[in-house]
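Here is the structure we will look at.
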Amino acid sequence: MDPTTDNAGSTTDPRSSRASLEALRTEIAKAVVGQDSTVTGLVVALLCRGHVLLEGVPGVAKTLLVRALASSLELDTKRVQFTPDLMPSDVTGSLVYDTNTARFSFQPGPVFTNLVLADEINRTPPKTQSSLLEAMEERQVTVDGTPRQLPDPFMVVATQNPVEYEGTYPLPEAQLDRFLLKLNVPLPTRQDEIDVLTRHASGFNPRDLQAAGIHPVATAADLETARTAVAKTTISPEITAYVVDICRATRESPSLTLGVSPRGATALLATARAWAWLTGRDYVTPDDVKALALPTLRHRIQLRPEAEMEGVTADSVINAILTHVPVPR
């Protein structure tokens, strides 16, 4: 690969950018134990200019993970706690009357940052949930008829609790489809949990990442160089057809009322491409598609009630489809 030149005139090698992004795992591990796959998913989403839905029980370091990622990438981040009384203007910003100038001026909301943490997004009504749709899709916010561009890079990381549904508002399919990935954040293994407690006993403070030794190991320039390199990663016609066959199979599954849309097929192709580049290849293989199929598709399908009662899950349906769809050679 040829080196590229960024806006400041300095030369950035895609191989160096890949090494910097791979170093994020080690850096974030200084604060978060045992979440390598989740970190990888967040990096894939950044490379694809996508957004992520994190699902996990309270206390598995979802918020800490996002803060550590922002610190390791030297990105600005803001956290919004979604509650039933949160208004759309609390997210996007609003016009405020200035008594000194006798004019209305725009006061930007927390969405005007690089990395937005939408904490417990399903605890706010659909009206406020939808305030993020334009930001996620168009990278802009329209207030009083005036569109305002959001910074680049820009990513929304939303969290939700999978076990407590009282007082929540499930995300509508249209908004779920805007998330590139849905990552399940698991409970730690026994050894990982011992490591977490050992760190806390030694004085680790999750609110002070600098004291934990987390420093920027990659920059926005590295990310932009990496995105350019990912866009050059080769996708054969056979791989494209394989992605289409997987997504079409979800629409024909007897266990589902809703299959993957063409947007979902495009997302799977993009995430497989980013994963191929991260693993050091300039071409996509069927294994890359399989590796990203679950996090890219699990939130884009809807189970039939009777299938759900029988214990069928979104992941089990996708795994069955991956088993039966012919793999290109």
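The values are calculated or read from the model by the stated rules, or taken from the named source; none is laboratory data. As the structure is a computational prediction, the values presented were derived from the model and not from experiment. Please note: Cβ atoms are built from the backbone with ideal geometry, for glycine as well, and neighbour counts cover all protein chains shown. Accessible surface is based on the protein model in full, side chains and every heavy atom, while ligands, DNA and RNA are left aside. Shrake-Rupley method; radii C 1.70, N 1.55, O 1.52, S 1.80 Å.
Restricting to the stretch 18-55, name every residue that is under 8 Å from the mean Cα position of the chain (by Cα) and not in a helix (DSSP H, G or I).
Correct list: 50, 51, 52, 53, 54.
When residues of the stretch 57-72 are filtered for being touching a residue at least 24 places away in the same chain (Cβ under 8 Å), of a type outside the set (Val, Ile, Thr) and not in a helix (DSSP H, G or I), how many remain?
The number of residues fulfilling the criteria is 2.
So which residues in the stretch 211-230 are within 22 Å of residue 155 (Cβ to Cβ) and open to solvent by 60 Å² or more (accessible area, probe 1.4 Å), if there are any at all?
215, 216, 224
Hey, can you tell me all the residues within the stretch 250-304 that are under 20 Å from residue 18 (Cβ atoms) and hydroxyl-bearing (Ser, Thr, Tyr)?
271, 279, 283, 285
In the stretch 258-276, what residues are in contact with a helix residue (DSSP H, G or I) (Cβ under 8 Å, 6 or more places away or on another chain) and free of Cβ contacts under 8 Å to residues at least 40 places away in the same chain?
262, 265, 268, 269, 272
Just checking, which of 105, 130, 94 is at pLDDT below 90, of a type outside the set (Phe, Trp, Tyr) and in contact with a Gly (Cβ under 8 Å, 6 or more places away or on another chain)?
Of 105, 130, 94, the one residue that is at pLDDT below 90, of a type outside the set (Phe, Trp, Tyr) and in contact with a Gly (Cβ under 8 Å, 6 or more places away or on another chain) is 94.
Return the total of residues in the stretch 116-126 being crowded, with 18+ Cβ neighbours inside 10 Å and out of contact with any strand residue (DSSP E or B) (no Cβ under 7 Å at 6 or more places or on another chain).
2
Need at least 2 residues that are open to solvent by 70 Å² or more (accessible area, probe 1.4 Å) per element, so show me which helices (runs of 4 or more DSSP H) inside the stretch 133-207 make the cut, counting only ones lying wholly within it.
133-138, 190-201
Please go through the stretch 97-115 and pick out each residue that is open to solvent by less than 100 Å² (accessible area, probe 1.4 Å) and either within 12 Å of residue 135 (Cβ to Cβ) or not in a loop (DSSP other than H, G, I, E, B) (or both).
98, 105, 106, 108, 109, 110, 111, 112, 113, 115
List every residue pair whose Cβ atoms sit under 9 Å apart, with the two residues 6 or more apart in sequence or on different chains, where the first one lies in the stretch 228-249 and is among the charged types (D, E, K, R) and the second, anywhere, is part of a helix (DSSP H, G or I) and modelled with pLDDT under 95.
The qualifying pairs are 232/14.
Filter the stretch 278-292 for residues that are open to solvent by 20 Å² or more (accessible area, probe 1.4 Å) and β-branched (Val, Ile, Thr); which is farthest from residue 267 (Cα to Cα)?
For the stretch 278-292, the residue satisfying everything is 279.
Taking the residues in the stretch 1-53 that are open to solvent by 40 Å² or more (accessible area, probe 1.4 Å) and hydrophobic (A, V, I, L, M, F, W, C) as candidates, determine which candidate is modelled with the lowest pLDDT.
Taking the candidates together, the pick is 8.
Which condition from (1) touching an Asp or Glu at 6+ places or on another chain (Cβ under 9 Å); (2) farther than 29 Å from residue 263 by Cα; (3) of a type outside the set (A, V, I, L, M, F, W, C) is the one that residue 62 breaks?
Failed condition: (2).
If residue 129 satisfies all but one of (1) open to solvent by 10 Å² or more (accessible area, probe 1.4 Å); (2) in contact (Cβ under 8 Å) with a residue 40 or more places away in the chain; (3) of a type outside the set (A, V, I, L, M, F, W, C), what's the number of the condition it fails?
Of the numbered conditions (1) open to solvent by 10 Å² or more (accessible area, probe 1.4 Å); (2) in contact (Cβ under 8 Å) with a residue 40 or more places away in the chain; (3) of a type outside the set (A, V, I, L, M, F, W, C), the odd one out for residue 129 is (1).
Please find, within the stretch 70-91, the residue that is nearest to residue 130 (Cα to Cα) out of those that are open to solvent by less than 30 Å² (accessible area, probe 1.4 Å) and touching a strand residue (DSSP E or B) at 6+ places or on another chain (Cβ under 7 Å).
Among them, the one singled out is 91.
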